[in-house]
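What follows is a single structure, written as structure tokens, with notes after it.
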There are 2 protein chains.
Amino acid sequence: MSIDLLDPVPKSTLRARIAERLRGAILAGDIPPGAPLVETTLSARFDVSRGPLREALRQLIEEGLVVTVPYTGTHVAALSVDDVHEIYSLRTALEIFAIEQLWARRDERFRRELVERNDALIATIDAGDDRASIETELAFHGLVYEASGHRLLQRSWASLRGRLQLYWAAHHRAHGRRGPRRDSHDSYIAAVLGDDLAAMRAEIADHMRRGAETTERFLNSLEPPAKREGKS
Amino acid sequence: MSIDLLDPVPKSTLRARIAERLRGAILAGDIPPGAPLVETTLSARFDVSRGPLREALRQLIEEGLVVTVPYTGTHVAALSVDDVHEIYSLRTALEIFAIEQLWARRDERFRRELVERNDALIATIDAGDDRASIETELAFHGLVYEASGHRLLQRSWASLRGRLQLYWAAHHRAHGRRGPRRDSHDSYIAAVLGDDLAAMRAEIADHMRRGAETTERFLNSLEPPAKREGKS
DNA sequence: TCATCGTCGATTGTCGACAATCTTGGCGGG
DNA sequence: CCCGCCAAGATTGTCGACAATCGACGATGA
């Protein structure tokens, strides 16, 4: 996609590879939310020692995918409607900020790429590939953060992205299609590429509101009684 | 200050204590920006093994206080004017969002506490205690995040706070007084506690602009030729 | 003199074993 | 029947040693 050939070769440490695998397993649902993650079991499963595994777990904890209690246990993060609300509300603020950052620049490369990524998103939706459509939708929204050139903002987005993906993946597993229509980002693009700052803010906020509602509705359908975070 | 008695007792692990000590040493300037952090040396100095020390370093890396290159070395993060700009611009967005979160609530407890913390800030300024005035100013601004009740937002603030403190501490060491006047937060409080949303946004943005300018001026006075990040 | 390559010291990455702590289940006393 | 205590298992926390990798210095040859 956007891999630069002059970038250094990825000198992956074991920790990084473990984190990648574990993240994939969690987001794919192989290890469901709330499931225990025992260090000794995982290290045996991956055929590595506990050292790198622990560090990989720390990273996933930082990303919000895993929670741990000292001397007691480690689990995949549980789903919670409060979290959904926080994720989407903060994301609204961050994404508006990101777009504001590149508002005056009129970056032609960005404008082109945004349309391209929307085409890619539509392609995966038409293909019926839900798994890929999650990736392409995240890539679509991720572009505004990448194009902002704001490294700290990109870190914040990465932190939100993992959490968001956890909910989307769970939704996909439970309900099959995740629901985005082909034209769901048309007004988004128009607002982002337009000239009306207030309209852009309103459109982003509305876009997020719709996303949050969908996700919250899914969560409520999953476990009506449990409101706050539950362990297993 | 604001320690909740129903919160669990702090079961400190060695990793947490090491991170605290190291953070303190870095922010106090005992280990200046750019200085190397050798795991074996530090583990001997703290009389602990490298395991917990490494995990503490990972945490500080996450906080932006430390940078590392695989198999090569670890250093205290270097100061950079780009970082200052990013820190303050993102902080503007986050702090406005935080205040918006508790805008409609008219939280009396918050309004009281905000004034109290400003009094505490003024007290440390009057006492000429620069070290404490950094703490009280961070505590003052931190209140809006705490009162927002938004856990994810609080995490984001914590991530920014460490970086900010790194620059403020360096400024303090270089120039003695860090510069905030007694009344520097009067208009801030008025705007936050007022009724005019647009005025609030403008005031926060202006407050941050002033802070960023002060910090950037300090950095430029420190090393005029070095614009981007330099190692030692 | 200079470029190139090999070697060596330094530093981080990884490993397996031991210690500290928490939870759970059962036992005894009330 | 219930409550508190205790012991055992499970899990994470910590440790010291070994391996992989990197950067710099010096030898070597043109």
With DNA, RNA and ligands ignored, accessible area of A:ARG106 (1.4 Å probe; Å², nearest 10) = 130 Å²
Which whole number of Å³ per residue matches the convex hull of the alpha-carbon atoms in segment B:109-222?
-> 99 Å³
Heavy-atom accessible surface buried between A and B, both sides counted, 1.4 angstrom probe, nearest 100 Å², is 2600 Å²
Mean-square fluctuation maximum in Gaussian network of chain A, Cα pairs under 10 Å, restricted to A:GLY128, A:GLY162, A:GLY211, hits A:GLY128
Given R₀ = 60 Å, FRET efficiency for A:ASP47-B:ASP126 by Cβ-Cβ distance, to 0.05?
-> 0.45
Report the accessible area of A:GLU63, computed with a 1.4 Å probe over the heavy atoms of all protein chains in place, in Å² rounded to the nearest 10.
-> 40 Å²
Taking just the C-alpha trace of the protein assembly as shown, give me its Rg and Dmax in Å.
-> 23.0, 68
Inter-centroid distance (Cα atoms) of segment B:172-202 relative to segment A:153-182, Å = 38 Å
Contact-by-burial set, segment B:86-105, min loss 10 Å², accessible area of protein heavy atoms with 1.4 Å probe, reference chain alone, gives B:GLU86, B:SER89, B:LEU90, B:ALA93, B:LEU94, B:PHE97, B:GLN101
Surface per residue (accessible, 1.4 Å probe) for chain B, Å² = 52 Å²
The protein assembly as shown - percent of accessible surface contributed by carbon and sulfur, probe 1.4 Å | 53 percent
Which of the peptides B:29-36, B:96-103, A:202-209 is most tightly packed, and how do the rest follow, judged by the mean count of other Cβ atoms within 10 Å per residue?
-> B:96-103, A:202-209, B:29-36
Using Cα atoms only, what is the angle between the long axis of helix B:50-62 and the major principal axis of chain B, expressed in degrees (0 to 90) to the nearest 10?
-> 40 degrees
Tilt of helix A:14-27 relative to the longest C-alpha principal axis of chain A, in degrees (0 to 90, nearest 10)?
-> 70 degrees
How much FRET efficiency would the formula 1/(1 + (r/R0)^6) give for A:ALA199 and B:HIS85, where r is the Cβ-Cβ distance and R0 is 30 Å, rounded to 0.05?
-> 0.65
Rounded FRET efficiency, nearest 0.05, which uses the C-beta distance separating A:ALA158 from A:LEU222 and R0 of 22 Å | 0.25
A correct Kirkwood calculation over the Cα atoms of segment A:14-76 returns a hydrodynamic radius in Å of 11.4 Å
Residue span B:ASP30 to B:ALA174: 0.36 nm per residue of separation minus Cα-Cα distance leaves a gain in nm of 50.5 nm
With N set to the residue count of chain A, report its C-alpha Rg divided by 2.2 N^0.38 Å to two decimal places.
-> 1.08
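The values are calculated or read from the model by the stated rules, or taken from the named source; none is laboratory data. All figures in this text were calculated on a predicted structure; none of them were measured in a lab. Quick reminder, even Gly has a Cβ in these numbers, built from the backbone with ideal geometry, and neighbours come from all protein chains shown. Accessible surface areas use protein heavy atoms only, side chains included; no ligands, DNA or RNA. Shrake-Rupley method; radii C 1.70, N 1.55, O 1.52, S 1.80 Å.
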